[in-house]
Amino acid sequence: MSTIFKKIIDREIPADIIYEDDLCLAFNDINPKAPVHVLVIPKKEIASTDDIADEDKELIGHLFTVIRDLARSLNLGDGYRVVANCGPHAGQEVPHLHYHILGGRRMTWPPG
């Protein structure tokens, strides 16, 4: 069964896509938790951080350079948070690896 993120990658459902390349996709979250809330997902289906394979090292590095570049282009120079939830107790709702970029306001700690 396809996840909602796979359906976005396949253009079966719409999303406010702000970046795309051969390896990943970034789009605005439909339920933002900050003024800037972007999701960055690999096009390769990886269920969670626990499912990253050794051969995914370059892909994960690529995702983080995309995150860095997006943060710059979104004017998040005062700071931003990158979050990856892993598993249901951490709040992962979609079983497809994804990173949240949250910014545009002061973050608090601990987060939850």
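Distance between the 7 Å Cα→Cβ label points at residue 4 and residue 90: 1.9 nm.
Under 19 Å Cα to Cα from residue 7, which lysines show up? Leave out anything in the same chain fewer than 8 places away. Counting by Cα, and skipping residues close in sequence, residue 7 has these lysines nearby: 43, 44. Note on surface exposure: 72, 81 rank 72, 81 by accessible area, highest first, 1.4 Å probe.
Between residue 72 and residue 60, what is 0.36 nm times their sequence separation minus the Cα-Cα distance? Round to one decimal in nm.
Values: separation 12, 0.36 × 12 = 4.32 nm, distance 1.87 nm.
My answer for the length gained is 2.5 nm.
Overall, the anisotropy analysis places region 7-60 in the prolate class: the square-rooted eigenvalues a ≥ b ≥ c of its C-alpha gyration tensor yield a/c not less than 1.5, with a/b exceeding b/c.
Could you rank 33, 44 by how accessible they are, 1.4 Å probe, largest area first?
Working: 33 120, 44 95 Å².
These residues rank, largest area first, as 33, 44.
Summarising the amide proton neighbourhood of residue 25: residues at separation of 5 or more, or on other chains, whose placed amide H is nearer than 5 Å comprise 41, 43. Taken per residue, the accessible surface of the chain reaches 63 Å², heavy atoms only and a 1.4 Å probe. Over region 32-112, the hull volume per residue, using the convex hull of the C-alpha atoms, is 99 Å³. Here the sum of -39500 (n - 2.57) over DSSP H runs of 4 or more residues, divided by the residues of the chain, equals -6500 deg cm²/dmol at 222 nm, to the nearest 500. Applied to region 65-80, the Karplus parametrisation 6.51 cos²θ - 1.76 cosθ + 1.60 on θ = phi - 60° returns per-residue 3J(HN,Hα) values of 6, 5, 4, 4, 5, 5, 4, 5, 5, 8, 6, 9, x, 7, x, 7 Hz, with x for Gly and Pro.
Carbon and sulfur atoms: what percent of the 1.4 Å accessible area of the chain do they account for?
Numbers: 3610 of 7040 Å².
The C+S portion of the solvent-accessible surface of the chain is 51 percent.
Take every pair of alpha-carbon atoms less than 8 Å apart whose residues are at least six positions apart; their mean separation over the length of region 1-95 yields a relative contact order of 23 percent.
The values are calculated or read from the model by the stated rules, or taken from the named source; none is laboratory data. On a predicted model such as this, the values are computed, not experimentally measured, just so you know. Ideal geometry is used to build each Cβ from the backbone, glycine not excepted, and the neighbour counts take in all protein chains shown. SASA here: full protein model, heavy atoms, side chains in, ligands and nucleic acids out. Shrake-Rupley method; radii C 1.70, N 1.55, O 1.52, S 1.80 Å.
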